[in-house]
1. Rounded, prolate or oblate for region 43-113? Axes are the square roots of the Cα gyration tensor eigenvalues, ordered a ≥ b ≥ c, and the cut-off for rounded is a/c under 1.5.
2. Toward the positive end of the charge dipole of the chain, about the Cα centre and with charges on Cβ (Lys, Arg +1; Asp, Glu -1), which of Tyr82, Ala47, His22 goes farthest?
3. Under the definition of Cα pairs under 8 Å and six or more residues apart, what whole-number percent is the relative contact order of region 1-58?
4. Could you please rank Lys101, Lys61, placing first whichever residue has the fewest other Cβ atoms within 10 Å of its Cβ?
5. Assigning unit charges at the beta carbon (Lys, Arg +1; Asp, Glu -1) and nothing else, what dipole magnitude in debye, to the nearest 20, does the chain show about its Cα centre?
6. For n ≥ 4 DSSP H runs only, could you compute -39500 (n - 2.57) per run for the chain, divide by its residues and tell me the 222 nm figure to the nearest 500?
Amino acid sequence: MLLAAAVNHAAGIADEVWFGAHAGDDAAYPDCRQSWVAAMSDAMRSAYGVGVAAPLSGMTKAEVVALARELGIAREDTWSCYEPDGTTPCGVCACCIAANKAWATAAVRRAAE
Ligand SMILES: [Zn+2]
């Protein structure tokens with residue numbers, strides 16, 4: 001649903017919409033599977049002239065966080081919450097917990113280097 005809204009918004013101003021599906025979510029969430037992304041991209045490109053891509057779908061969340069750190073992106077610049085309080089992540093939903101764990105793991109790895 002959100003992806004369809006993003007594609008609708010992008011029509012006429014962009015060729016492709018990217019979203020943050022990553023490896024590890026594909027077992028629980030069909031829309032994180034590369035086959036789903038390819039099918040959705042074909043459908044959206046046909047309907048709106050805008051494709052869909054999940055460029056991080058081959059990476060685990062920990063790998064995504066490591067890449068973010070390499071690029072100078074801070075935890076506060078990211079969003080993974082399903083139950084925000086306004087613009088504040090809840091900190092307790094499954095996505096917040098997974099993101100916090102990945103960022104903490106990345107910090108430990110970096111400190112060990
Ligand atoms: Zn949350």
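1. oblate
2. Farthest towards the positive pole: His22.
3. 43
4. The fewest-first ordering by Cβ neighbours comes to Lys101, Lys61.
5. Around 240 debye, computed over the chain.
6. On the way: 4 runs with 53 residues, N = 113.
The helix-only estimate for the chain comes to -15000 deg cm²/dmol at 222 nm.
Read-outs throughout are calculated quantities, based only on the coordinates presented, and are distinct from any laboratory measurement. Quick caveat, the model's predicted, so the values are computed rather than measured. Positions of Cβ are generated from backbone atoms using ideal geometry, with glycine treated the same way; all protein chains shown enter the neighbour counts.
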